[in-house]
Amino acid sequence: MTAPRSRAEQKRHTRALIVDAGRRTVASRGFSGLVVRELAREAGIVPTAFYRHFDSVEELATELAGAAADALSEFIDSLVSTPTQDPASDWPLQASARAAENPQTWSVLARGLVDTAGPDHRVLSAAVDTARRRLGITLGRLESLSGADEAVVDVTADLVVVVLVRHLMDVAAGQDARTPDGDCAARLRVVLAGAAAQ
């Protein structure tokens with residue numbers, strides 16, 4: 001028998017149910033699919049309870065976008081903090097592990113990046129831009145790119161971010177990680193070889 005929850009625990013639990021319902025909704029239908037009545041039904045609460053936790057659907061959308069941006073930042077932190085001379089082999093494996101932990105987060109990121117009219121597009125775009133800059137610094141330290149022009153490293157970082165985000169989404173969508181890992185590694189090898197040849 002489980003002990004009854006305190007009021008504060010119940011409130012946290014209900015908020016988590018709403019956030020989870022929101023994440024699933026955005027992952028499947030995009031940010032425009034966030035509707036209070038449907039979120040409440042999926043979370044198992046009455047619609048008015050939604051407003052005890054969020055002032056509006058936009059506030060929930062902002063929280064979801066912020067969480068996706070934070071997840072991308074944490075992923076990039078893990079990449080840049082682990083020294084490697086072969087990111088094409090190492091980074092896809094790390095991306096697969098991240099995507100498997102919380103697949104819907106990466107779908108939220110993708111949906112928010114595609115929905116350029118959405119209010120939280122800027123948050124997610126800024127997160128991708130920060131990821132690009134941080135990876136650019138790391139890539140510039142690779143022996144194979146040590147003599148490369150700064151513009152070449154910047155373009156390489158752009159392409160690497162695109163390849164990694166696509167990989168995160170492929171694995172999050174349920175593809176067998178071995179296929180996307182191999183595809184991602186091959187794409188990264190081409191991008192890095194092209195940059196080194198400049």
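Any read-out appearing in this document is the output of simple, stated calculations on the displayed coordinates, not a laboratory observation. Bear in mind that the values here come from a model prediction, so they are computed numbers and not experimental data. Note that we place each Cβ from the backbone using ideal geometry, even for glycine, and neighbour counts take in every protein chain shown.
In the stretch 38-73, what residues are among the basic types (Lys, Arg) and more than 17 Å from ARG12 (Cβ to Cβ)? If you could, list the steps in order and put the result at the bottom.
Taking the stretch 38-73 first, the residues among the basic types (Lys, Arg) are 41, 52.
The one that is among the basic types (Lys, Arg) and more than 17 Å from ARG12 (Cβ to Cβ): ARG41.
Here are ALA126, ALA110, ALA117: which of them is among the aliphatic types (A, V, I, L, M), touching a residue at least 12 places away in the same chain (Cβ under 8 Å) and more than 12 Å from SER73 (Cβ to Cβ)?
Working: ALA126 fails: more than 12 Å from SER73 (Cβ to Cβ); ALA117 fails: touching a residue at least 12 places away in the same chain (Cβ under 8 Å).
The match here is ALA110.
Going by what's in this entry, would HIS13 be described as assigned to a loop (DSSP other than H, G, I, E, B) and either over 30 Å from ALA196 (Cβ atoms) or among the charged types (D, E, K, R) (or both)?
On the way: assigned to a loop (DSSP other than H, G, I, E, B): no; either over 30 Å from ALA196 (Cβ atoms) or among the charged types (D, E, K, R) (or both): yes.
In short, no.
Quick one: is LEU168 touching a residue at least 40 places away in the same chain (Cβ under 8 Å) and surrounded by fewer than 21 Cβ atoms within 10 Å (Cβ to Cβ)? It would help to see each step written out before you state the result.
On the way: touching a residue at least 40 places away in the same chain (Cβ under 8 Å): yes; surrounded by fewer than 21 Cβ atoms within 10 Å (Cβ to Cβ): no.
Taking the combined requirement at face value, the residue does not satisfy it.
So which of THR84, THR116 is within 22 Å of VAL26 (Cα to Cα) and either buried (at least 16 other Cβ atoms within 10 Å of the Cβ) or among the hydroxyl-bearing types (Ser, Thr, Tyr) (or both)? Outline the logic, then answer.
Working: THR84 fails: within 22 Å of VAL26 (Cα to Cα).
Checking each option against the conditions leaves just THR116.
Just wondering, is there one or more residues in the stretch 28-35 that are in contact (Cβ under 8 Å) with a residue 60 or more places away in the chain and part of a loop (DSSP other than H, G, I, E, B)? Before the answer, list the steps.
Kept after step one, since they are in contact (Cβ under 8 Å) with a residue 60 or more places away in the chain, are these residues of the stretch 28-35: 28, 30-32.
This time we only want the ones that are part of a loop (DSSP other than H, G, I, E, B), so: 30.
Yes: the stretch 28-35 contains one or more residues that are in contact (Cβ under 8 Å) with a residue 60 or more places away in the chain and part of a loop (DSSP other than H, G, I, E, B).
Among the residues of the stretch 129-161, which ones are in contact with a Gly (Cβ under 6 Å, 6 or more places away or on another chain) and either of a type outside the set (A, V, I, L, M) or without any contact (Cβ under 8 Å) to a residue 40 or more places away in the chain (or both)? Spell out how you get there, then give the answer.
Quick first cut of the stretch 129-161, residues in contact with a Gly (Cβ under 6 Å, 6 or more places away or on another chain) only: 153-154, 157.
Once the filter is applied, which keeps residues that are in contact with a Gly (Cβ under 6 Å, 6 or more places away or on another chain) and either of a type outside the set (A, V, I, L, M) or without any contact (Cβ under 8 Å) to a residue 40 or more places away in the chain (or both), the stretch 129-161 yields ASP154, ALA157.
Scanning the stretch 59-79 for residues that are touching a helix residue (DSSP H, G or I) at 6+ places or on another chain (Cβ under 9 Å) and charged (D, E, K, R), which turns out farthest from LEU135 (Cα to Cα)?
We begin by selecting, within the stretch 59-79, every residue touching a helix residue (DSSP H, G or I) at 6+ places or on another chain (Cβ under 9 Å); these are 60-79.
Within this subset, residues satisfying the condition of being charged (D, E, K, R) are 63, 70, 74, 77.
Values: GLU63: 25, ASP70: 16, GLU74: 13, ASP77: 9 Å.
Among those residues, the one meeting the criterion is GLU63.
For the stretch 106-198, which helices (runs of 4 or more DSSP H) that fit wholly inside it have 3 or more residues that are in contact with a Pro (Cβ under 6 Å, 6 or more places away or on another chain)? Working first, answer last.
Numbers: elements: 121-140, 150-172, 178-197.
Result: 150-172, 178-197.
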